[in-house]
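The values are calculated or read from the model by the stated rules, or taken from the named source; none is laboratory data. It should be emphasised that the depicted structure is a prediction, and the values quoted were computed from it without experimental measurement. No Cβ is skipped: glycine too gets one built from the backbone with ideal geometry, and neighbour counts run over all protein chains shown. Side chains are part of the model used for accessible areas, which takes the heavy atoms of the whole protein and leaves out ligands, DNA and RNA. Shrake-Rupley method; radii C 1.70, N 1.55, O 1.52, S 1.80 Å.
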Amino acid sequence: GPSRPGRPIEPRRVLAIVGRGRWLLIAAAAFGLVIGVVVAKFVLRHTYETNTSIRYEGAEPLDPTTPPDIRRDLPPLVDSLRREVVIEELKRRMGLTAVPNAVINTRFSQMLDDQAGILSITATGDSPEDAATFANTLVDVFLEHQVERRGAAIAEAMATIDERITAAQEEQSRAQSAYDAFRLAHGVSTELSDDQTAAMAAAADLQARAS
């Protein structure tokens with residue numbers, strides 16, 4: 001279309017206009033810099049990380065017929081890292097009882113190498129010291145919880161064994177009583193071989209069960 005009337009743009013005029021406004025531009029840039037420093041220092045939160053590792057060498061199985069297997073045994077142990085009892089004790093020791101468990105769970109992550117039996121934990125904090133304290137406290141609580149669980153499992157296994165021993169002793173006592181009654185009723189001599197005694201005990205037991 002036709003050109004609009006007017007004078008051509010002169011570089012000196014542009015520089016003069018920009019020159020008159022340079023202090024405004026500099027002031028705006030300085031103000032933005034100050035705001036950025038304030039936000040970075042007082043608004044944005046710095047987060048620090050620390051890492052720690054635990055090596056699991058396995059434990060003697062409570063059932064002697066079950067061989068130890070780290071790849072089988074370790075994952076359930078790692079799952080207990082986020083059990084409520086562990087998180088609550090961690091909060092108590094850290095003075096964070098008012099913080100929701102969901103928030104505490106976001107402050108750490110774990111990675112498991114079940115081939116090597118290594119559990120790695122990464123914890124965060126507002127300072128390097130805070131992150132390290134959180135990680136160390138979490139590991140302490142976790143290991144203590146594992147000791148308690150192991151102790152409870154051993155106690156339960158021992159109680160089961162005691163019950164089986166008591167039942168076996170009672171069964172033996174009943175068999176002995178039945179054998180003695182059978183022997184007396186049939187005038188059997190006490191001078192019997194081991195095989196004869198076993199056969200007589202079995203017969204006495206069968207008779208006692210049938211009566």
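Please find, among 140, 162, the residue that is at pLDDT 75 or above, part of a helix (DSSP H, G or I) and in contact with a Lys or Arg (Cβ under 9 Å, 6 or more places away or on another chain).
On the way: 162 fails: in contact with a Lys or Arg (Cβ under 9 Å, 6 or more places away or on another chain).
Step by step, each of 140, 162 is checked, and only 140 is at pLDDT 75 or above, part of a helix (DSSP H, G or I) and in contact with a Lys or Arg (Cβ under 9 Å, 6 or more places away or on another chain).
What is the number of the single condition among (1) surrounded by 11 or more Cβ atoms within 10 Å (Cβ to Cβ); (2) modelled with pLDDT of 85 or more; (3) not hydrophobic (A, V, I, L, M, F, W, C) that residue 72 does not meet?
Here residue 72 clears every test but (2).
Residue 116 versus (1) among the hydrophobic types (A, V, I, L, M, F, W, C); (2) part of a loop (DSSP other than H, G, I, E, B); (3) open to solvent by less than 40 Å² (accessible area, probe 1.4 Å); (4) at pLDDT 90 or above: which is the lone unmet condition?
(4)
Please go through the stretch 92-150 and give me each residue that is more than 18 Å from residue 75 (Cα to Cα), in contact with a Ser or Thr (Cβ under 8 Å, 6 or more places away or on another chain) and of a type in the set (Asp, Glu), ordered by number.
Of everything in the stretch 92-150, just one residue is more than 18 Å from residue 75 (Cα to Cα), in contact with a Ser or Thr (Cβ under 8 Å, 6 or more places away or on another chain) and of a type in the set (Asp, Glu), namely 126.
Being within 24 Å of residue 57 (Cβ to Cβ) and of a type in the set (D, E, K, R) is the filter; apply it to the stretch 78-110 and report the residue that is modelled with the lowest pLDDT.
This residue is 79.
Pairs, please: C-beta under 7 Å, at least 6 apart or cross-chain, first residue closer than 20 Å to residue 199 by Cα and in the stretch 155-182, second part of a helix (DSSP H, G or I) and among the acidic types (Asp, Glu)?
175/205; 178/205
For the stretch 95-110, give me the residue count where each residue is of a type in the set (Ser, Thr, Tyr) and open to solvent by 70 Å² or more (accessible area, probe 1.4 Å). Working first, answer last.
Kept after step one, since they are of a type in the set (Ser, Thr, Tyr), are these residues of the stretch 95-110: 97, 106, 109.
Those still in the list that are open to solvent by 70 Å² or more (accessible area, probe 1.4 Å) too: 97, 106.
Result for the stretch 95-110: 2.
Filter the stretch 125-159 down to residues that are more than 24 Å from residue 70 (Cα to Cα) and open to solvent by 30 Å² or more (accessible area, probe 1.4 Å) and give me whichever is farthest from the chain's Cα centre (by Cα). Explain how you work it out, then say what you get.
Pass one, the stretch 125-159, residues more than 24 Å from residue 70 (Cα to Cα): 125-134, 137, 159.
Still in the list and also open to solvent by 30 Å² or more (accessible area, probe 1.4 Å): 126-130, 132-133, 159.
Working: 126: 23, 127: 24, 128: 23, 129: 23, 130: 21, 132: 18, 133: 18, 159: 26 Å.
Only one residue tops the list, namely 159.
Conditions (1) at pLDDT 95 or above; (2) part of a strand (DSSP E or B); (3) surrounded by fewer than 10 Cβ atoms within 10 Å (Cβ to Cβ); (4) not acidic (Asp, Glu), marked per residue:
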position: 35; (1), (2), (3), (4): no, no, no, yes
position: 45; (1), (2), (3), (4): no, no, yes, yes
position: 51; (1), (2), (3), (4): no, yes, no, yes
position: 59; (1), (2), (3), (4): no, no, no, yes
position: 68; (1), (2), (3), (4): no, no, no, yes
position: 76; (1), (2), (3), (4): no, no, yes, yes
position: 112; (1), (2), (3), (4): no, yes, no, yes
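Is one or more of the residues making up the stretch 64-86 over 18 Å from residue 146 (Cβ atoms) and touching a residue at least 24 places away in the same chain (Cβ under 8 Å)? Talk me through it step by step, then tell me what you get.
Residues of the stretch 64-86 that are over 18 Å from residue 146 (Cβ atoms), as a first pass: 64-67.
The next check asks that each one be touching a residue at least 24 places away in the same chain (Cβ under 8 Å); those that pass are none.
Looking through the stretch 64-86, none of the residues is over 18 Å from residue 146 (Cβ atoms) and touching a residue at least 24 places away in the same chain (Cβ under 8 Å).
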